[in-house]
1. Which one of these is assigned to a helix (DSSP H, G or I), exposed (fewer than 15 other Cβ atoms within 10 Å of the Cβ), at pLDDT 95 or above and over 23 Å from the mean Cα position of the chain (by Cα): Arg58, Arg25, Arg54?
2. Which condition breaks for Gln18 when tested against (1) closer than 28 Å to Ile148 by Cα; (2) among the polar types (S, T, N, Q); (3) part of a helix (DSSP H, G or I)?
3. Hey, could you check region 73-120 for residues that are under 17 Å from the mean Cα position of the chain (by Cα) and of a type in the set (D, E, K, R) and say which is nearest to Glu150 (Cα to Cα)?
Amino acid sequence: MADYITAAGLQALRDEHQALWLRRREVVKALSAAAAEGDRSENAEYIYRKKELREIDRRLRYLGRRLDELKVPQALPQDTSRVYFGAWVTLEDQAGDCRTLRIVGSDETDPKQGWISLRAPMAKALLGKRLDDEISVALPAGREQYVIVEIDYRV
């Protein structure tokens, strides 16, 4: 399965990558200043900046690899009456409560916004389904039944 991401999600990762490069410059300057103060083994500022630089470099390496692997779908699916990547899906549970989810890439999931990964069990159960289809999903709280009441591909 390809690693998809929305255009906004890709831009957010690129922005983070750029911000980390700028932050790295600041940390390197602070690290150099701390190193010039003398004994590095007892210099808390030097130790802290060294650790911060390692964390920034680790994230930069990860983002560098990830940005090369990700793909943004260039168009809406031909059949927008079915659930595919990028869809906003409103589900109704057995109690009549509704919730809206968006199927996004694994790098941009956000439970607070209702954004779920394409690889999540809920998303897998939804993919390819149509309006009024019923789905059954095994969740940590137990198996849940839902009906799809709306599918939207807003930007």
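The values are calculated or read from the model by the stated rules, or taken from the named source; none is laboratory data. Note that the structure is predicted; figures quoted are calculated from it, not measured. When we count neighbours, we look across all protein chains shown, and the Cβ atoms used for this are built from the backbone with ideal geometry, even at glycine.
1. Working: Arg58 fails: over 23 Å from the mean Cα position of the chain (by Cα); Arg54 fails: over 23 Å from the mean Cα position of the chain (by Cα).
None of the others qualify; the one that does is Arg25.
2. The failed condition is (1).
3. Arg102
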